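K.L.:
My structure is below; once you've seen it, I'll send some questions.
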Amino acid sequence: MNLFISKSIAMVLSLLLAMGFGIWLSRLERPLNGIVFAFHKILSIAVIVLWVTNMIYLQNNVGLLTLEAWFLGMTALLFLFAIISGALLSFDRTSTSAVMISHRVSAILVFVSALVSFCLPANRLG
Ligand code: HEM
């Protein structure tokens, strides 16, 4: 299996696992469970690293069309939003229901946007 396919599978699995660990984390009592929280953060960083390297590969091999470049920019902003809202949620003082809703919404949007931005150009690979 080539490296790009392995990294694509790892990216989708990490994204699903990051969401799963996030849902598990929010079902647990506060203070946040350190191990579940650590897995949630590591997996979300893995998703970002794998998504960025896959998108660089796609840009170098098939190039990105205008719509795909828009999706790329939107996904990058959504990742940033998920990280900021996630960081705010991790402190009791800044963990409000508005921040929780922002994190939830950005997680769902990042899920859709990361997959669309990746699948559209990946479809054109020979
Ligand atoms: C790709 C990035 C991320 C995604 C897709 C994501 C997704 C999620 C999801 C789906 C939940 C469960 C929400 C619910 O049950 O309604 C969650 C919870 C949580 N996430 Fe993330 N997350 C991401 C990044 C981060 C980061 C970087 C941090 C910390 C710096 C973080 C901190 C948290 C915390 C603290 C909770 C639990 C909140 C609570 O219940 O009090 N997340 N995340």
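Bear in mind that the values in this text are calculations on the coordinates, not laboratory data. Please read these numbers as outputs of a predicted model, since none were measured by experiment. Please note: Cβ atoms are built from the backbone with ideal geometry, for glycine as well, and neighbour counts cover all protein chains shown.
K.L.:
Can you pull the one-decimal nm distance between simple spin-label points at ILE23 and ILE35, each 7 Å off the Cα toward Cβ?
P.N.:
2.1 nm
K.L.:
Still on this structure, please answer the following. Between the range 24-95 and the range 106-124, what's the alpha-carbon centroid distance in Å?
P.N.:
Cα centres, the range 24-95 to the range 106-124: 13 Å.
K.L.:
Placing one identical point scatterer on every Cα of the range 1-67 and ignoring solvent, what is log10 I(q)/I(0) from the Debye formula at q = 0.17, 0.24, 0.26 Å⁻¹?
P.N.:
The computed values of log10 I(q)/I(0) come out as -0.66, -0.96, -1.04.
K.L.:
Calculate the dipole size of the chain relative to its Cα centre from +1 charges on Lys and Arg beta carbons and -1 charges on Asp and Glu beta carbons; express the result in debye to the nearest 20.
P.N.:
Numbers: 7 positive and 3 negative charges, 21 e Å.
It works out to roughly 100 debye.
K.L.:
For the chain, just list the percent of Cα-Cα distances falling in each 5 Å bin from zero outward, please.
P.N.:
2, 11, 21, 23, 17, 12, 8, 5, 2, 0, 0
K.L.:
Which value in nm describes the separation of the simple spin-label points at PHE4 and SER90, placed 7 Å from the Cα toward the beta carbon?
P.N.:
Distance between the two pseudo-spin positions: 3.4 nm.
K.L.:
Right, something else. If each residue of separation counts as 0.36 nm, what is the full-extension length gain between CYS119 and LEU13 once their alpha-carbon separation is subtracted?
P.N.:
Length difference between fully extended and current span is 36.7 nm.
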